[in-house]
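Q: Dumping the structure here so I can ask a few things about it.
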Amino acid sequence: MPHRGAAWVFASSLPTTDTTLPADILFRAGKLCVSYIFEAELAFSPGSPCAAAIQDPASRSGRRSVPHRTGRLQPKQTRENTMRSLTQPVAEERSKQEDFETLKRKIHSKLVDKLDLSRVGELEGDVLRREIRLVVEHLCDTEDTMLNRNERERLIEEVLDETFGLGPLEFLLKDTSISDILINGPKHIYVERRGKLEKTNVTFRDNGHLLQIIDRIVSKVGRRVDEVCPMVDARLQDGSRVNAIIPPLALDGAAVSIRRFGSNPLKLEDLLNYKAFTPEMVMLLEGAIKGRLNMVISGGTGSGKTTLLNTLSSFIPHDQRIVTIEDAAELQLQQEHVVRLETRPPNIEGKGQISATDLVKNALRMRPERIIIGECRGPETLDMLQAMNTGHEGSLTTIHANTPRDGIARIETMITMAGFELPIKAMRQQIASAVQLIIQANRLQGGPRKVTHITEVVGMEQDTIVMQDIYRYVQDGIDENGRAHGHFESTGIRPNFMDRLEGAGVRLPASAFRQRVMMTD
Ligand SMILES: Nc1ncnc2c1ncn2[C@@H]1O[C@H](COP(=O)(O)OP(=O)(O)OP(=O)(O)O)[C@@H](O)[C@H]1O
Ligand SMILES: [Mg+2]
């Protein structure tokens with residue numbers, strides 16, 4: 001296993017003040033299989049996988065060995081104790097926090113010192129974490145910290161988060177009520193809860209620390225971020241989407257935006273509870289999916305497009321072959337028969353890029369029954385329309401636009417910008433025959449996200465695409481908390497595609513299209 005040795009050399013060449021490296025080394029080594037050396041007495045159960053891996057590193061590697069201790073570990077009374085202030089009443093919370101950080105760094109760097117990747121035993125992630133926890137606890141006890149029980153526990157957890165996870169971010173990631181995490185440089189971290197942004201008191205040590213965590217995130221999905229490539233899209237293990245942009249492009253330190261879509265995706269019931277749409281609207285959308293209408297979900301940034309796409313895709317029958325194409329995979333389809341494809345940015349020499357267009361072209365050769373493109377933002381739009389027109393009915397995508405009409409205009413713009421010289425009428429005919437339904441998502445003032453239009457694309461009248469709203473949301477005002485409120489209404493129009501849906505066995509009651517107010521906030 002040549003990479004093990006290489007990883008060990010890397011580990012042993014690390015500066016001991018670096019507090020975030022071991023997990024990188026472990027994960028980059030390709031497996032979570034590590035043994036480590038800890039020379040002091042530890043409470044490893046004899047025969048535990050870790051205990052078996054423990055030997056004296058100095059005898060093999062020539063590294064510095066720490067003297068053995070016996071019995072209960074005593075604090076070093078003679079040494080200057082930097083952490084005394086943690087338990088003494090200190091005037092400034094900040095200095096207490098700094099001391100805590102100093103101790104954390106110290107313990108972490110000691111842990112780095114004691115890790116030895118060359119003594120590899122195949123340890124499961126959980127086992128490894130448990131065993132390393134013992135080491136950290138022991139290191140904590142050897143320091144004369146006099147931490148109280150809560151502080152000690154917090155310190156141990158934070159050291160483990162530095163080692164195995166994403167450092168300060170772990171604390172936020174554990175909080176399921178947080179939907180977005182927005183990092184503007186190392187000291188300003190905001191989160192979104194229930195549509196409201198709030199500042200947290202979580203911080204990174206400095207920009208270097210933040211960059212290390214970013215590197216850790218993006219390297220796990222085979223991407224990189226540096227001066228040559230200062231912007232990157234990635235995702236966390238739980239599926240959350242990450243965008244990072246670093247200096248010199250980001251002027252005040254690296255900026256990271258984490259969309260926690262993956263960890264806690266909203267389900268149909270949640271969206272109904274949030275009054276994102278009405279049951280009648282869901283009925284129509286379910287019918288449209290089953291009747292294989294091509295649909296475009298249109299909306300602004302963070303308006304809930306991907307959430308809707310995910311929810312709607314749950315109506316796709318399980319016996320159909322689906323191919324999904326995304327820049328950073330975040331869709332979570334429930335069906336079994338799904339092929340997930342992800343685009344690839346160019347490598348350091350600017351080669352090897354695989355665009356969404358390439359993937360759509362390839363997907364067409366994979367005998368898909370439906371193609372789902374996470375978001376159309378470029379030349380793949382025309383390929384998508386052609387796929388919709390040529391036997392892949394029931395395909396879905398999203399686009400960035402604020403109204404259904406804008407959505408159509410945006411599709412036209414993307415086709416034109418991609419350099420296809422189609423006469424405008426031909427282009428519109430292509431769009432009108434490919435897309436039957438536009439679902440408009442909007443994020444309203446104060447946070448609520450609603451499906452504001454379900455609009456049918458009827459066809460062409462001379463050079464214009466004709467559209468009609470079936471359902472829409474009308475905003476009535478703003479309440480005392482600054483949140484928009486309004487009502488959903490049915491326009492009284494029975495969509496033209498109902499005949500097609502009935503042909504496919506989908507029946508909806510006539511009352512579903514009766515003109516009325518369906519629901520108020
Ligand atoms: N109806 C809703 N009510 C409350 N929260 C919602 C609703 N729909 C989506 N969200 C939340 O809003 C956030 C953004 O949703 P989503 O990622 O679907 O938006 P998007 O339009 O795809 O964003 P982007 O433009 O960045 O791709 C997510 O955290 C999601 O859980
Ligand atoms: Mg999205």
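Q: Which FRET efficiency value, to the nearest 0.05, do you get for residue 461 and residue 409 by plugging their Cβ-Cβ distance into 1/(1 + (r/R0)^6) with R0 = 25 Å?
A: 0.90
Q: Please sort by residue number the GluC sites (Glu not before Pro) in segment 449-483 whose DSSP state is loop and whose Cβ has at most 12 other Cβ atoms within 10 Å.
A: 480
Q: Can you give the FRET efficiency to the nearest 0.05 for residue 249 and residue 511, using r as the Cβ-Cβ distance and R₀ = 56 Å?
A: Here the calculated transfer efficiency is 0.55.
Q: What is the distance, in nm, between label points placed 7 Å from the Cα along the Cα-to-Cβ direction at residue 361 and at residue 483?
A: Between residue 361 and residue 483, the label points sit 4.9 nm apart.
Q: May I ask you to sort 138, 318, 188 by Cβ crowding, counting other Cβ atoms within 10 Å and putting the fewest first? Working shown, then result.
A: Numbers: 138 19, 318 9, 188 16.
Ranked by crowding around the Cβ, least crowded first: 318, 188, 138.
Q: Please report 199, 351 as a ranked list, fewest other C-beta atoms within 10 angstrom at the top and most at the bottom.
A: Placing the least packed residue first, the sequence is 351, 199.
Q: Quick one: of 275/361; 220/290; 174/196; 267/361; 220/305, which pairs are farther than 29 Å apart, Cα to Cα?
A: 275/361; 220/290; 267/361
Q: Over all directions, average the projected area of the Cα convex hull of segment 393-521 and note it in nm².
A: Computed as one quarter of the Cα hull surface, the answer is 9.4 nm².
Q: What does segment 171-259 give for Rg and for Dmax, in Å, if only its C-alpha atoms count?
A: 12.4, 37
Q: How large is the dipole of segment 171-259 about the Cα centre if only Lys and Arg carry +1 and Asp and Glu carry -1, each at its Cβ, rounded to the nearest 20 debye?
A: For this selection, approximately 300 debye.
Q: Magnitude of the Cβ-charge dipole of segment 240-360, K/R +1 and D/E -1, about the Cα centre, nearest 20 debye? Kindly include the intermediate steps, with their values, before the conclusion.
A: Details: 12 positive and 13 negative charges, 11 e Å.
That gives a dipole near 60 debye.
Q: State the answer as a single residue: which of 363, 352, 332 lies farthest towards the positive end of the charge dipole of segment 273-363, with beta carbon charges of +1 for Lys and Arg and -1 for Asp and Glu, about the Cα centre.
A: The listed residue farthest towards the positive side: 363.
Q: Where the only charges are on Cβ atoms (+1 Lys, Arg; -1 Asp, Glu), what is the dipole of segment 357-479 about its Cα centre, to the nearest 20 debye?
A: 240
Q: Hey, another quick one. What is the order of 501, 134, 197, fewest Cβ neighbours within 10 Å to most?
A: In increasing order of surrounding Cβ atoms, one gets 197, 134, 501.
Q: Also, quick follow-up: With a cap of 14 neighbouring Cβ atoms within 10 Å, and only residues DSSP puts in a loop, list the chymotrypsin sites (Phe, Trp or Tyr not before Pro) found in segment 417-521.
A: 420
Each reported figure results from applying straightforward, stated rules to the coordinates on display, with no laboratory input. Just so it is clear, the model here is predicted, and its values are computed rather than measured. So basically every Cβ, Gly included, is an ideal-geometry build from the backbone, and we count neighbours across all protein chains shown.
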